[in-house]
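Structure, as structure tokens:
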Amino acid sequence: MTHLARNNTDAALTLYPFAQITRTGRPQTSNLFILHEGAIGFFGEEGLDELDYDDLIDERVVSKQADAGWLGITDKYWATAIIPPQDAGFSARFTGDSADERTGEVFRGDYLLAGRTISAGAETALVTQVFAGAKLVDLVDGYATDGITRFDLLIDWGWFYFLTKPMFRALQFFYGLVGNYGVSILIVTVLIKAVFFPLASRSYETMAKMKKLQPRMLQIREQHKDDKQAQQQELMKIYREEKLNPLAGCLPILLQIPVFFALYKVLFVTIDMRHQPFFGWITDLSAPDPTSLFNLFGLIPWDPPMFLMLGVWPVLMGVTMFIQMQMNPPPPDPIQARMFQILPIFFTFILASFPAGLVIYWAWNNFLSILQQGLIMRRNDVEIELLANIGFSGRAQKQSGDGSGDGTR
């Protein structure tokens with residue numbers, strides 16, 4: 001916006017350019033730990049500053065000084081920001097007021113520039129940039145071409161900015177090729193698995209070797225069941241002899257964590273992902289799977305409560321997670337073994353309320369991990385006793401016993 005001020009008086013006047021934005025009430029998604037909503041601004045050398053709605057109500061007035069930058073009020077998908085001229089310093093202020101009985105809470109952000117003196121009969125122009133609308137990534141990034149510093153931070157990429165933003169760009173690139181963000185997630189997952197393949201392979205090879213050593217390790221635990229120190233010494237001796245690291249099996253899970261959070265952040269904060277379909281019943285990758293196991297995925301005319309909305313993709317994720325964990329060497333401790341069996345059920349219910357795109361990623365990643373781990377176990381001549389791990393070892397032993405009996409007749 002361009003403001004034109006003309007001095008029609010006979011004396012010089014000093015004007016102080018001022019701009020303000022106002023929001024009444026709070027958005028429905030406020031107070032989510034993964035997302036910042038409220039006041040936001042970038043203030044020169046001080047950098048980014050974020051104040052949530054509670055901070056504004058508690059502090060009432062927050063003042064800033066900067067030589068360049070911008071300020072605004074943001075929520076999940078939308079924002080309003082005012083951008084003063086970047087070649088002059090400004091004073092900024094955020095306020096929060098809960099005293100208005102008619103409108104409720106009111107939040108404001110404003111800036112004030114240094115005074116400009118206009119001679120008698122003269123005029124001056126001032127350009128103020130205003131952003132009001134959806135936080136589309138390319139649109140927000142485009143403001144950098146106007147010399148506006150770090151306006152891309154209007155989108156809450158989080159602490160893992162260096163992962164979250166590239167994750168979005170990768171998904172956006174493949175979306176341009178295939179026209180489906182769900183398929184883009186599948187492709188990016190394959191590429192991530194390929195990048196970490198050497199590390200994951202070494203980890204799976206370690207688990208395969210430990211599985212082969214399982215009878216020997218169980219024998220040591222039985223021999224030294226009353227002497228934990230001797231038991232640990234013998235186990236460590238085996239690890240040294242076989243050059244094994246018992247913690248290596250945790251590596252595939254640890255590698256997933258930053259990717260998981262980066263994708264979760266992308267699906268949650270970018271409006272570009274909103275209402276993007278996959279296939280079939282998934283019409284919004286940023287929303288939970290709308291189906292439920294407890295009404296037979298729509299066959300029964302009943303809408304379960306939210307905590308029972310256990311969709312097809314969360315169930316697939318839980319099944320693939322269970323299969324993958326059963327391929328690993330079972331923990332020697334019965335309590336730990338039982339916990340590992342319960343863990344997939346726990347995650348199935350937890351992830352049921354997560355964005356469908358995230359659950360699709362996890363299920364697909366589990367499937368690829370099962371294939372990778374199975375190939376490595378076969379390469380190391382390790383039998384995949386999946387049914388035995390699930391609980392069919394008694395049946396397998398019985399069949400084995402029958403076979404030996406047939407041979408002696």
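At-a-glance table
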item: Filter result (in a helix (DSSP H, G or I) and among the small types (G, A, S)) within the range 24-79; result: G44
item: The range 123-150: number of residues that are outside any loop (DSSP other than H, G, I, E, B) and touching a strand residue (DSSP E or B) at 6+ places or on another chain (Cβ under 9 Å); result: 15
item: Check on A92, hydrophobic (A, V, I, L, M, F, W, C), buried (at least 17 other Cβ atoms within 10 Å of the Cβ) and out of contact with any Ser or Thr (no Cβ under 9 Å at 6 or more places or on another chain); result: no
item: Every pair of residues 6+ apart whose Cβ atoms lie under 7 Å, when the first sits in the range 195-223 and is basic (K, R) while the second is surrounded by fewer than 16 Cβ atoms within 10 Å (Cβ to Cβ) and modelled with pLDDT under 75; result: K209/E242; K209/N380; R221/P332
item: Helices (runs of 4 or more DSSP H) enclosed by the range 308-409 - at least 3 residues per element that are buried (at least 19 other Cβ atoms within 10 Å of the Cβ) and at pLDDT 70 or above; result: 312-326, 334-351, 356-379
item: Helices (runs of 4 or more DSSP H) completely within the range 173-244 that count 1 or more residues being closer than 29 Å to N366 by Cβ and at pLDDT 80 or above; result: 181-195, 197-212
item: Residue among T145, T128, T124 that alone is of a type in the set (S, T, N, Q), surrounded by fewer than 19 Cβ atoms within 10 Å (Cβ to Cβ) and without any contact (Cβ under 8 Å) to a residue 24 or more places away in the chain; result: T145
item: Qualifying residue in the range 25-42 (condition: in the same structural domain as L113 (by TED's automatic domain parsing), over 27 Å from the mean Cα position of the chain (by Cα) and either closer than 21 Å to D152 by Cα or of a type in the set (S, T, N, Q) (or both)); result: no
item: Odd one out for A99, checked against (1) assigned to a loop (DSSP other than H, G, I, E, B); (2) out of contact with any strand residue (DSSP E or B) (no Cβ under 8 Å at 6 or more places or on another chain); result: (1)
item: Failed criterion for I118 (all others in (1) of a type in the set (A, V, I, L, M, F, W, C); (2) loosely packed, with under 14 Cβ neighbours inside 10 Å; (3) closer than 26 Å to Q86 by Cβ hold); result: (2)
item: Any chance I57 is touching a Ser or Thr at 6+ places or on another chain (Cβ under 7 Å) and farther than 18 Å from W157 by Cα; result: yes
item: Residue check, L153 in contact with a strand residue (DSSP E or B) (Cβ under 6 Å, 6 or more places away or on another chain) and part of a helix (DSSP H, G or I); result: yes
item: Restricting the range 40-80 to residues that are crowded, with 20+ Cβ neighbours inside 10 Å, among the aliphatic types (A, V, I, L, M) and out of contact with any Lys or Arg (no Cβ under 6 Å at 6 or more places or on another chain), the residue that is farthest from R23 (Cα to Cα); result: A66
item: A120 vs. criteria aliphatic (A, V, I, L, M) and outside any strand (DSSP E or B); result: yes
item: Subset of the range 188-232 [crowded, with 16+ Cβ neighbours inside 10 Å, among the polar types (S, T, N, Q) and over 30 Å from F260 (Cα atoms)]; result: Q231
item: Residue pairs meeting the criteria (Cβ under 7 Å; at least 6 apart or on separate chains; first in the same structural domain as N328 (by TED's automatic domain parsing), in the range 359-379; second assigned to a helix (DSSP H, G or I) and of a type in the set (K, R)); result: L368/K193
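The values are calculated or read from the model by the stated rules, or taken from the named source; none is laboratory data. Since this is a predicted model, take the numbers as computed values, not measurements. Neighbour counts run over all protein chains shown; Cβ positions are idealised from the backbone, glycine included.
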